[in-house]
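The values are calculated or read from the model by the stated rules, or taken from the named source; none is laboratory data. None of the values given here were measured: they were computed from a predicted structure. As a convention, Cβ positions derive from the backbone with ideal geometry for all residues, glycine included, and neighbour counts pool all protein chains shown.
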Amino acid sequence: MGKKQTKPSITFEFGIQKLEQIVKDLEQNNISLDEALNLFGEGIELVKQCNILLDSADAKVKVLLEDSMGQLVSEKFISGELES
């Protein structure tokens, strides 16, 4: 059975900012191999947390549609399909 995903304690925006900083640090030639590996590991964990946040946001997205009477109705958007 898969590991249950818990909500990360960071915001998506913070995660992206931190990832950008890690990429900049890794692009520098003056860091040790150990430091590079640590940063890489931290980056992988941030990507996982950001993916959990994106999955959660995706589950909440609603699409507004017009029904046959011209009224706007909202339906949950799930993986490219509308839920009735």
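Values as computed for the structure displayed
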| read-out | value |
| --- | --- |
| Residue in the stretch 30-43 that is of a type outside the set (D, E, K, R), touching a residue at least 40 places away in the same chain (Cβ under 8 Å) and loosely packed, with under 14 Cβ neighbours inside 10 Å present | no |
| Which numbered condition Ala59 misses (of (1) modelled with pLDDT under 95; (2) surrounded by fewer than 10 Cβ atoms within 10 Å (Cβ to Cβ)) | (2) |
